[in-house]
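Encoded as structure tokens, the structure appears first; notes follow it.
The values are calculated or read from the model by the stated rules, or taken from the named source; none is laboratory data. Owing to the predicted nature of the structure, the values given are computational and were not obtained by experimental measurement. Cβ coordinates were reconstructed from backbone atoms using ideal geometry, including for glycine residues, and neighbour counts include every protein chain displayed. Quick note on the areas: whole protein, heavy atoms, side chains included, nothing else; ligands and nucleic acids left out. Shrake-Rupley method; radii C 1.70, N 1.55, O 1.52, S 1.80 Å.
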Amino acid sequence: AQSVTQPDARVTVSEGASLQLRCKYSYFGTPYLFWYVQYPRQGLQLLLKYYPGDPVVQGVNGFEAEFSKSNSSFHLRKASVHWSDWAVYFCAVSMDTGGLSGKLTFGEGTQVTVIS
Amino acid sequence: EAAVTQSPRSKVAVTGGKVTLSCHQTNNHDYMYWYRQDTGHGLRLIHYSYVADSTEKGDIPDGYKASRPSQENFSLILELASLSQTAVYFCASSDRGENTEVFFGKGTRLTVV
């Protein structure tokens, strides 16, 4: 069965510093991978998605992620963090490539705290 | 803008009571989903639906029923609420097709006492 692991439950970063959030996945076949962000008391919003192709994908608000098949990873990066990036970030893998794009397996999430 | 609206946004229920969580989407999407989120955990799929009047079990369906009376509406029903069902519940919708975006509601915080 597919699974997603986010090894860092909490990350604290200074405003303006770079950020990397780790994601490891286990999936038989070619995965469709996603990063979502959850702001306080909000639903999840899509940051970026990976479909088979270029391993580096660009997302919204300056986020990018890199897919590595050899490492089974899909790490998220941002060059310069803003206070508004304070949120919980979820990595997810799609369970269904037949059209049910909402059947997702999520990681545990990483809480990002931004300090000045 | 795609919209998924959940009601209520929060609820306190009594153990053994019946709880109905509602979800309404204006996206004209075929597929709808119910997830639960527990503190420190990611979301887990409870039920989903391809089409009105049909529902499917997700990864953790025990203790939950789902109802899809129309394309726009998808309800999650807890017939006998238990303490372990205290969580935040998210509804989502997506269009058919492989690369379609999934839109989430803002969640319903359910506390069972």
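Data overview
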{"read-out": "One residue from A:Gly53, A:Gly59 being touching a residue at least 12 places away in the same chain (Cβ under 8 Å), within 14 Å of chain B (Cβ to nearest Cβ) and of a type in the set (Gly, Ala, Ser)", "value": "A:Gly59"}
{"read-out": "Odd one out for B:Ser94, checked against (1) at the interface with another protein chain (Cβ under 10 Å from one of its Cβ atoms); (2) polar (S, T, N, Q); (3) more than 25 Å from A:Ser3 (Cα to Cα)", "value": "(3)"}
{"read-out": "Filter result for the condition that a residue is open to solvent by 50 Å² or more (accessible area, probe 1.4 Å) and at the interface with chain A (Cβ under 10 Å from one of its Cβ atoms), over B:Lys65, B:Lys106", "value": "B:Lys106"}
{"read-out": "Selection status of B:Ala52, more than 10 Å from chain A (Cβ to nearest Cβ), in contact with a Lys or Arg (Cβ under 9 Å, 6 or more places away or on another chain) and surrounded by fewer than 17 Cβ atoms within 10 Å (Cβ to Cβ)", "value": "yes"}
{"read-out": "Of residues in segment A:9-23 being surrounded by 16 or more Cβ atoms within 10 Å (Cβ to Cβ) and part of a loop (DSSP other than H, G, I, E, B), the one farthest from the other protein chains (Cβ to nearest Cβ)", "value": "A:Arg22"}
{"read-out": "Flag for B:Thr39 being farther than 11 Å from B:Tyr89 by Cβ, open to solvent by 30 Å² or more (accessible area, probe 1.4 Å) and touching a strand residue (DSSP E or B) at 6+ places or on another chain (Cβ under 8 Å)", "value": "no"}
{"read-out": "Residue in segment B:13-20 that is in a strand (DSSP E or B), within 14 Å of another protein chain (Cβ to nearest Cβ) and not β-branched (Val, Ile, Thr) present", "value": "no"}
{"read-out": "Output for segment A:26-42, where each listed residue is of a type outside the set (S, T, N, Q), closer than 26 Å to A:Val114 by Cα, more than 10 Å from the chain's Cα centre (by Cα) and modelled with pLDDT of 85 or more", "value": "A:Tyr39, A:Pro40"}
